[in-house]
């Protein structure tokens, strides 16, 4: 036994805020709980049969009392709700300068892939002090990425992309759990998050086994899967060009407009007939089941790079 | 829920208990179908999906015919319930047989449709999954998933209803209050009809 | 009280509504088609309920059952679709 | 069944006989209550055995006692058995079945044969599901989450799902029966606001049963259809949506929590006034809050899904409504507490259980505030904090109330008195054992130990050892009543008709009641809980 867990380490910007709420709730709960316990025991003892306590006076109904404690409870509840919700809403707003990492849950391991293509399994290295967005997806069942030290958790849902973000505030190694029951070795689906000084992290990131960057791998897939046959510069098929698409609005055949974000590109690969670009026929086949989550991430990264640079491959 | 019921009359007994029981049961059934149709709704409303497009594959003619068959059976069972009291119980029994017969016709037509769709590889039977037309968009499969579940559940209810009708006809003389029982069964039959009234446009008419 | 006359009239009305709803599908109206279909389905239900199921003047408890069903369906659809609409 | 043949007395509902046929074909609600009670106790101890094995495994961080697959089957067995075979039918099908007609002044439930049928359906469903779980093993967790349950587990999943589906029918049958009985079979003068709170809570429970269970049926139907036909409404690989499953499942399963706890609240509302010799404080508020809980219970299911990928906005709405449901629960607690004020409190076994219920329900409920607060839930959900929270409500609340009710109405049900001394010892033992078992799990959860873990990091061991040790004490507390209650059946002194001096129609008939409940139909002329202080405690101005 190493030590006894009493209080989880606070290692993210969110952790102290969540803990403040926790301890405030704890104080409130114990206050109210002990008050009620004392009241129950107090009444039980004071008014035990045969005691000398004064029992005169009307009771058994008191509307003012009922209304006032109902109101008090409602107000307390509202206060806690607002506090919890306010903190929660941060979830949707990662800072713009965040580092992006993609995470894939798979029975029973976590695969993380950095922007330069460095991959790691059951370990996640992140720099200290920089916000990190982890885009989560799953290859099979629902998993949930849980880092207690960051007070952060999010489900990885197959067929969808979810995300969580955090900003580490303390260097060290922290537990990473899968929190959603995912089959036989659910409890072995554990790993570590390693928070490093930014310069160490940069060194670590560069020192990895030489892997092609995500974008390059994506480009290879783009050719290998035959995407370039239609979407490439020399294609004869009438298909939309992908340069400069990412991050820009796209007009659909239904005369709606969507923003070409990660989700849209992903959907367009898996369910191409869902949101067809205006002026094109829905002729693209679906790649559902033909492409792994892993490869999908690379393709999306490549198409993103086309959008950012505006150049041609 | 209790508002306005404070002044309960001082009467007790089984009067109208059965009817309330049936209504509570139908509420329960309504939520069963409500939940299944919610699944359909979520899939259909998913943005940009051509889910409803698969409706074209269904036979509008047979669907319309079946709707009429079921509405006719509702008329028959309503008449049966009307004749149940008094001396025209034999009319009621005939009407019940007609009702059950129409129910069986409905199931035969439905069965033919399923058979036909299975032949075309449209129904999601696992052994036949390689016969799905590969070109058909994924949402079309989803549509047929929902179609099979909804019509299948409805069909099972209809089987129960037919059983009730035939059982009532056969055991009419042995029942303590056959007219009352028939009225309860009629409520159930109408309910099955109402479910179909909603399933028909949801499945057949969204082409 | 149900008579043969009212029953048959209701039945004819129901069949007419079926033909209407089927006919309406041949007029492309976009979302309008679904709304028309739904409205006709509600009308048919109302007819079946009011005449065949004798619910024109329902017992308070039968009325309450129907209200409860509709209300709970609203809860189920409302909260679930709220999630899908705001993702 | 398990009761000796010497019990029958002239005129009691035991009189018609002790042949197997007299029990298995009875339509007497009181006998059906015994059928349910004996089955539920069996299931409770099966589920308890699984819990024991789980705690044994968690004694050490490594998976050294059973394999991961066995462990997963154990917690699934524990969950499925406890939720569907025990907690859902527990109080309604046993105490509710026995007492509802008595409290209303009726001869039986509205549909006696439906009542018997519900037991058979229940046993059929339980047998199927149990067979699937014991013979083959089910490892989906009681929540059946897709796509795990549809794609990756054994075919036992379909069989177990069919079993649970069938049990759902039994639940709906009971619900319909209770609703109709409460509406139609009240004795003359038994108006809604003269009903005991236990009847109110049973009514609210029945509403939830009838309105929520069909949605579970639909969900299980889709799971089975997925496994058998390969339809993919929940399957992301085919364009389906696993979150839809969660919505439908929790639309049932959250209200189901109130099926479990509401009748417990009703039991305690009967016992506290009786042993305080005071009317229930704020009767109407307690009655309305039961209905409020039943209604609001349907609007909060999304708080199980805050980190599931549900939209942020939906999360905020569900969190807000979850806080709203704290209000009616708090109202009840305040009213129970004030019931004792200026009373004449005595400490019979069922009163001690009720006080224990109050304490555990308060702390379990307060833990719910943590989980309803969005940002806090992100950290705590799917950890042992959740386990501790719902065991405080389900076991600390519900099972404690169940035992309180069994002890309170035991003389009425059997016509025998049990040993008060042993009763009090068991009540205190189970209270202490419970806290020792489950309080450490709050700390484990806060420190981040995820639920359903077969192995865990070393730093969690101390609390797990404490929890496992507590489970031994808790088990002792739960086994004790088997002995002294069993003993009372044979050797206990005969019970008077109203041993506790309680109000309520059920105490006005003999113990045990005759087959038709009342020698002559009762007429009700006043509200419930007309308790008077005993002579020695009566204030001077009242004398």
Checklist entry - If you wrap chain C's Cα atoms in a convex hull and average its projection over all directions, what's the area in nm²? => result 7.4 nm²
Item to check | Shape parameters for the stretch A:1-67, alpha-carbon atoms, Rg then Dmax in Å | outcome: 20.9, 60
Checklist outcome for this item: Gyration tensor on Cα atoms of the stretch A:210-263, a ≥ b ≥ c root eigenvalues, a/c under 1.5 rounded, else prolate if a/b beats b/c, else oblate, says oblate
Item to check | Order of D:324, B:108, D:274 under a 10 Å beta carbon neighbour criterion, fewest first | outcome: B:108, D:324, D:274
Item to check | Whole-angstrom Cα spans of the stretch B:49-204 along principal axes, big to small | outcome: 62, 27, 20
Item to check | Helix-only mean residue ellipticity at 222 nm for the protein assembly as shown, each DSSP H run of n ≥ 4 adding -39500 (n - 2.57), per residue, nearest 500 | outcome: -19500 deg cm²/dmol
Checklist outcome for this item: Mean projected area (nm²) from the convex hull of Cα positions in the stretch B:13-123 is 9.7 nm²
Checklist entry - Between residue C:82 and residue D:237, what is the FRET efficiency for a Förster distance of 22 Å, r being their Cβ-Cβ separation, to the nearest 0.05? => result 0.25
Checklist entry - the stretch A:214-309: Rg/Rh from Cα coordinates, Kirkwood Rh? => result 0.92
Checklist entry - Kirkwood Rh, Cα Rg: Rg to Rh for chain A? => result 1.16
Checklist outcome for this item: So the FRET efficiency between residue D:490 and residue D:465, C-beta based with R0 = 45 Å and rounded to 0.05, is 0.70
Checklist entry - Once the Cβ-Cβ distance between residue D:127 and residue D:508 is put in as r, and R0 is 56 Å, what FRET efficiency do you end up with, to the nearest 0.05? => result 0.90
Checklist entry - Quick one: if you stick a label point 7 Å off each Cα along the C-beta vector at residue B:159 and residue D:347, how many nm between them? => result 6.1 nm
Checklist entry - If you rank D:270, B:19, B:87 by fewest surrounding Cβ atoms within 10 Å, what's the result? => result B:87, B:19, D:270
Checklist entry - From largest to smallest, what semi-axes in whole angstrom does the stretch A:55-181 give when each is the square root of 5 times an eigenvalue of its alpha carbon gyration tensor? => result 44, 17, 13
Checklist entry - When the Kirkwood hydrodynamic radius is evaluated over all pairs of different C-alpha atoms of the stretch D:62-110, what value in angstrom, to one decimal, is obtained? => result 13.5 Å
Checklist entry - Just counting partner chain Cβ atoms within 10 Å, what average do the residues of peptide C:59-66 show around their Cβ? => result 6
Item to check | Mean shadow area of the protein assembly as shown over all directions, Cα convex hull, nm² | outcome: 46.3 nm²
Item to check | Cα centroid separation - the stretch A:27-56 against the stretch D:183-247, whole Å | outcome: 39 Å
Next on the checklist: So if I take the centroid of the Cα atoms in the stretch B:86-108 and the same for the stretch B:141-157, what is the distance between those two points in Å?
Outcome noted: 26 Å
Next on the checklist: At 0.890 mPa s and 25 °C, plugging the Kirkwood radius over alpha-carbon pairs of the stretch D:165-210 into Stokes-Einstein gives what diffusion coefficient in µm²/s?
Outcome noted: 221 µm²/s
Checklist entry - What is the average number of partner chain Cβ atoms found within 10 Å of a Cβ in A:27-35? => result 3
Checklist entry - How long are the three semi-axes of the equivalent ellipsoid of the stretch D:105-243, in whole Å, if each is the root of 5 times an eigenvalue of the C-alpha gyration tensor, listed from largest down? => result 37, 16, 11
Item to check | Cα-based helix-to-principal-axis angle, B:89-119 vs chain B, degrees rounded to 10 | outcome: 10 degrees
Item to check | Shielding by partners, peptide D:315-326 (average Cβ within 10 angstrom, other chains) | outcome: 5
Checklist outcome for this item: For residue A:119 and residue D:18, extending 7 Å from Cα along the Cα-Cβ vector and measuring point to point gives, in nm, a value of 7.2 nm
Item to check | Relative pair counts by distance (%), Cα atoms of the stretch D:28-542, 10 Å bins | outcome: 4, 19, 30, 28, 14, 5, 1, 0
Checklist entry - By how many degrees, between 0 and 90 and to the nearest 10, does the Cα long axis of helix D:197-229 differ from the longest principal axis of chain D? => result 30 degrees
Item to check | Over 18 Å [Cα-Cα, the stretch D:33-151], rounded percent | outcome: 58 percent
Checklist entry - Simple spin-label model, 7 Å along Cα-to-Cβ: residue A:206 to residue A:171 in nm? => result 1.8 nm
Next on the checklist: Only counting other Cβ atoms within 10 Å, I'd like D:176, A:121, D:46 sorted with the fewest neighbours first.
Outcome noted: A:121, D:46, D:176
Checklist entry - Hey, what does the equivalent ellipsoid look like for the stretch D:318-449, semi-axes from the Cα gyration tensor as sqrt of 5 times each eigenvalue, largest first, whole Å? => result 31, 18, 11
Checklist entry - Using alpha carbon centroids, what distance separates the stretch D:152-172 and the stretch A:65-138, in Å? => result 35 Å
Item to check | In degrees, nearest ten, helix D:112-131 long axis to first principal axis of chain D (Cα) | outcome: 30 degrees
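Readers should treat all values here as calculations from the given coordinates under stated rules, not as data from a laboratory. For clarity, every value in this text was computed on a predicted model and none was experimentally measured. We place every Cβ from the backbone using ideal geometry, glycine too, and count neighbours over all the protein chains shown.
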